[in-house]
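Data first, discussion second: the structure below is written as structure tokens.
The values are calculated or read from the model by the stated rules, or taken from the named source; none is laboratory data. Given the structure is predicted, the values throughout are model-derived calculations rather than measurements. We place every Cβ from the backbone using ideal geometry, glycine too, and count neighbours over all the protein chains shown.
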């Protein structure tokens, strides 16, 4: 029997905000950015929420964030982001996306998240959702630090290329696969499969979906991921793996936590949430 998969974009498809722009307040609280940058980030989030990000906007965001993380320690980012991700992202996942993921899994399809965001952010989300694979952006590192250069940018046609590579390695027939995204910039990703669906589409994608007869879904109800999913083993990462946005989040949190330690002493460890066995169906 031929294997199949469901490919999901992340921002505004699985979660309700841009995974990179959602962290302006933690950056500010950690002393990483100033108020002006926070306000610009809030404005960018507002624009993104209304109209989606076009190619020029995505390029500007990419350039700004890679400049910010240049020189940051990779190991520190990896360690810290997993401790902060639940607080920041947990309330953002769409209930409708969670239901859809469960339906695909129950039908025997693998779940693949394909995102322009960095893997330090996308991988933990994939774990909470039970994703089998993650494709994300990968930055160049040297001597344990980010150089600011991008090795692979999971965007536009690059997403479709990565999907074809994943399909070849995993034995998927793309004509039997599904894909979901909100942005016209993901037209190559949606066109690569036999069952594309536009989710919360921007104006360009809504028009393209109408022209091609693709289904359109509207997701609007965020739900806590921890209330819906157990935490399975880490997904297999294919194609790419960088965490620009995650790096920013992690270091902002680290700065704030260190300041609190200096004034209040070591914090009391938080309890580990219990696990729910079994897979959603």
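A few points about this structure:
- Unmet criterion (only one of (1) closer than 29 Å to residue 196 by Cα; (2) surrounded by fewer than 19 Cβ atoms within 10 Å (Cβ to Cβ); (3) modelled with pLDDT of 70 or more) for residue 71: (1)
- Note on the stretch 173-195: among residues that are within 19 Å of residue 104 (Cβ to Cβ) and under 19 Å from the mean Cα position of the chain (by Cα), the one that is surrounded by the fewest Cβ atoms within 10 Å (Cβ to Cβ) is 178.
- Residue match in the stretch 220-242 (condition: surrounded by 15 or more Cβ atoms within 10 Å (Cβ to Cβ) and at pLDDT 95 or above): no
- Of all residues in the stretch 154-176, those satisfying the criterion of being in contact with a strand residue (DSSP E or B) (Cβ under 6 Å, 6 or more places away or on another chain) and farther than 14 Å from residue 189 by Cα are 171, 172.
- Annotation: of all residues in the stretch 99-110 being in contact (Cβ under 8 Å) with a residue 40 or more places away in the chain and surrounded by fewer than 23 Cβ atoms within 10 Å (Cβ to Cβ), the one that is farthest from residue 154 (Cα to Cα) is 106.
- Here the stretch 106-121 is the region considered, the condition is being at pLDDT below 95 and part of a strand (DSSP E or B), and the residue that is farthest from residue 196 (Cα to Cα) is 118.
So that you can scan it fast, the table gives a plain yes or no per residue for (1) free of Cβ contacts under 8 Å to residues at least 12 places away in the same chain; (2) not in a helix (DSSP H, G or I):
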residue: 123; (1), (2): no, no
residue: 135; (1), (2): no, yes
residue: 154; (1), (2): no, yes
residue: 160; (1), (2): no, no
residue: 164; (1), (2): no, no
residue: 168; (1), (2): yes, no
residue: 186; (1), (2): no, no
residue: 201; (1), (2): no, yes
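- All positions within the stretch 202-219 that are within 14 Å of residue 13 (Cα to Cα) and at pLDDT below 95: 202
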